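Down below is the structure, laid out as structure tokens.
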Amino acid sequence: MADVDGAYDCVAKTPMGDQKGVFTVISSGDRFNGTFAGMMGSLDVVDGKVEGAKLTWKMEMTMPMPMTLECEADVAGDAITGTMQLGAFGASAFSGTRRA
């Protein structure tokens, strides 16, 4: 199983401009918990799944409008890349680097 745990400094390319945040991953077998903390506050990981180096999860956003973000990412070494589905706003790509 890949080592996916850690805190990643991320930048998401969104319709509202670049959103910086810290994505924290704490895995337990084929599941994980964590948060994405950024300019919009902190969002909790919901239904986090780990398949090898691939992560899938959801986050419930309330501000600036309620929506469920559906997310997936791949971890390679200390790099993470993925996408967030932003409801009617389409997909937003993000990438980041694990903190040492």
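The values are calculated or read from the model by the stated rules, or taken from the named source; none is laboratory data. This structure is a prediction, so every number in the text was calculated from the model and none was measured. Quick reminder, even Gly has a Cβ in these numbers, built from the backbone with ideal geometry, and neighbours come from all protein chains shown. Just the protein is used for accessible areas: all its heavy atoms, side chains included, with ligands, DNA and RNA removed. Shrake-Rupley method; radii C 1.70, N 1.55, O 1.52, S 1.80 Å.
Along Cα→Cβ, 7 Å out, is where each label goes; now give me the distance between the ones at residue 9 and residue 93 in nm to one decimal.
2.1
What dipole magnitude, in Debye to the nearest 20, does the chain give about its Cα centre under +1 on Lys/Arg Cβ and -1 on Asp/Glu Cβ?
Numbers: 8 positive and 13 negative charges, 38 e Å.
The calculation lands at about 180 debye.
Write down the accessible area per residue of the chain in Å², having rolled a 1.4 Å probe over the full set of protein chains. Walk me through the intermediate numbers first.
Numbers: 5470 Å² over 100 residues.
Each residue of the chain exposes 55 Å² on average to a 1.4 Å probe.
At 0.36 nm per residue, and after removing the present C-alpha to C-alpha distance, how many nm does the segment from residue 76 to residue 31 gain when stretched out fully? List each step's numbers first, then the result.
Values: separation 45, 0.36 × 45 = 16.20 nm, distance 1.80 nm.
Taking 0.36 nm per residue and subtracting the Cα distance, the gain is 14.4 nm.
So what's the projected area for the chain, the Cα convex hull averaged over all directions, in nm²? Intermediate results must be reported in sequence, preceding the final value.
Details: hull surface 22.0 nm².
Result: a mean projected hull area of 5.5 nm².
Taking a point 7 angstrom from the Cα of residue 39 along the C-beta vector, which residues in the range 72-90 have backbone N less than 20 Å away?
Output list for this probe position: 82-90.
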